[in-house]
Amino acid sequence: MKRLLRGARVVDPANGVDGRFEVLIDRDRVARVAPEVPAAERSGADVLDLKPDWVVCPGFIDMHVHLREPGEEHKETIATGAGAAVAGGFTAVACMPNTDPVNDNASVTKFIVERAAGAAARVYPIGAVTKRSAGEQLAEIADLRAAGCVALSDDGRPVANALILRRALEYARMFDMPVIDHCEDPALKGEGVAHEGFVAAVLGLRGIPAAAEDVMVYRDIVLAELTGGRVHIAHLSTRGALRAVRDARARGVRVTCEVTPHHFTLTDEQLNGPLSYDTNLKMNPPLREAADRDALVAGLADGTVDAIATDHAPHHYDDKHVEFDRAPFGIVGLETAVSLALDRLVRPGLISMARLVELLSLNPARILRVPGGSLEAGAPADLTVLAPDVTTVVDPARFRSRSRNTPFGGWTLQGTVAATIVAGRLAFVNEEVAGLAAGR
């Protein structure tokens, strides 16, 4: 089957493409990107006529999600998470290992791979650094890699033992895998539930200092420099950590980092507003100060930040509907991330559309060493179609995710996803966005 997308702007930074082009898909691969695909090649193709203000780009990849399967399927499953992914414009996701049981061995990895075989989006498992993610003994990294893991992480539990992390970096380097670390000093975090600062003090909440993240980021950078391994800083949230990554990158350390939409959009001040004590504002790392948020936006613009990742963390209503101290950390993000990025970063001119594609597609593919991030001939036919000028209202009741824990409900945002194509197949079409016409 052939499919031709025409009429829209095509943005593909990997190949220097940004303009009015046609994209020809042949079965599950990109066949050609050209101002006008030759008639002989397009013969018999289904034609999708897109709006001139829409944008076609390589499929977005979320390198940090929690799909909860196996073990907590009442919160999310691989199928529902993948459905939420394509609805949010993501053609692929990488799922963290904090399942039950933990993805610390090949049997769990194979289960995830098998369950994902028929999912709407591609699913790449991330294996645990240590057995049970307990931080005491390395998992069988070679077995995890052979079973399909693309990275290693004890996400949610920082690798507190420096020697263990050193060995993990050395071992992972043999397979060119990144170690993704949740950077947080457990002793400094203590029982904290919000950013340590004025707002937490006013609300009587135990604080998590920015230093808890900063010191672990510096430590990880030192160990990456020592071993030559690749370390990726998950959900970076402080200006100090960002500065450490920028300085390390300048001297050649193999360190990358991601930032979440909630951290480049919100601050801890929201906790002291109309949503005071709202547990949908409780995430880890916590919402930081405005100066941290502004530094992250600057890092997204200047290239210090490599990727935008959602840290999609679904929780059941009953788990979140408790006192702030007792509620679990985390929010869902797959179905709001792209609109937040378009509205808060691209629309005001803080970053370009090409830079957005780098953050959501090219760089995640590069870090994880997975297919995608490009529309070159022969690349997987995974594409995201954006409608940057269409206004959308966030309605959690309509999420495809099994969970609804978001602080963005009711927000009006400019920019949304028009369609998502996975392996040449229309995996999602936004019925609220007019103008997607198919014909011959």
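Each reported figure results from applying straightforward, stated rules to the coordinates on display, with no laboratory input. The shown structure was predicted, so the numbers you read here are calculated from the model rather than taken from an experiment. Heads up, the Cβs are rebuilt from the backbone with ideal geometry, glycines too, and the neighbour counts pull from every protein chain shown.
Partner lysines whose Cα lies under 20 Å from the Cα of LYS131, excluding those fewer than 8 positions away in the same chain, are identified as LYS110. Which percentage, to the nearest 5, of the DSSP beta bridges contained in the chain is antiparallel? Of all bridge pairs located within the chain, approximately 55 percent are antiparallel. For segment 165-234, GluC sites (Glu not before Pro) are listed when DSSP marks them as loop and at most 10 other Cβ atoms sit within 10 Å of their Cβ; the list is GLU191. Note: relative contact order over the chain, using C-alpha pairs below 8 Å and six or more positions apart, is 21 percent. The loop-placed GluC sites (Glu not before Pro) in segment 65-113, going by DSSP, include none that has at most 12 neighbouring Cβ atoms within 10 Å of its Cβ.
Take the alpha-carbon centre of segment 348-398, take the same for segment 266-317, and report the distance between them in whole Å. Here the two parts' Cα centres lie 20 Å apart. Give a quick list of trypsin sites (Lys or Arg not before Pro) in segment 316-400 that DSSP marks as loop, anything other than H, G, I, E or B, with at most 15 other Cβ atoms within 10 Å. Taking segment 316-400 and a limit of 15 other Cβ atoms within 10 Å, the loop trypsin sites (Lys or Arg not before Pro) found are ARG326, ARG369.
Hydrodynamic radius of segment 191-341 by the Kirkwood approach over all distinct alpha-carbon pairs: 15.9 Å.
Given +1 at the Cβ of Lys and Arg, -1 at the Cβ of Asp and Glu and no other charges, the dipole of segment 100-147 around its Cα centre is 180 debye to the nearest 20.
Less than 5 angstrom separates the built amide H of ALA427 from those of THR420, ILE421, VAL422, all sequence-distant by 5 or more or on a different chain.
How high is the relative contact order of segment 79-157? Use alpha-carbon pairs under 8 Å, at least six apart in sequence, and give a whole percent. Mind showing how you got there, number by number?
Working: 145 pairs, mean separation 27.2, N = 79.
Result for segment 79-157 is 34 percent.
Here is the P(r) of segment 336-440: all C-alpha pair distances, binned every 10 Å from 0, give 13, 38, 39, 10, 0 in whole percents. The residues neighbouring ALA234, those whose beta-carbon lies less than 9 Å from its own, together hold a net charge of -4 under the Lys/Arg +1, Asp/Glu -1 convention. Think of it as helices only: each DSSP H run of n ≥ 4 in the chain is worth -39500 (n - 2.57), and spread over all residues that comes to -7500 deg cm²/dmol at 222 nm.
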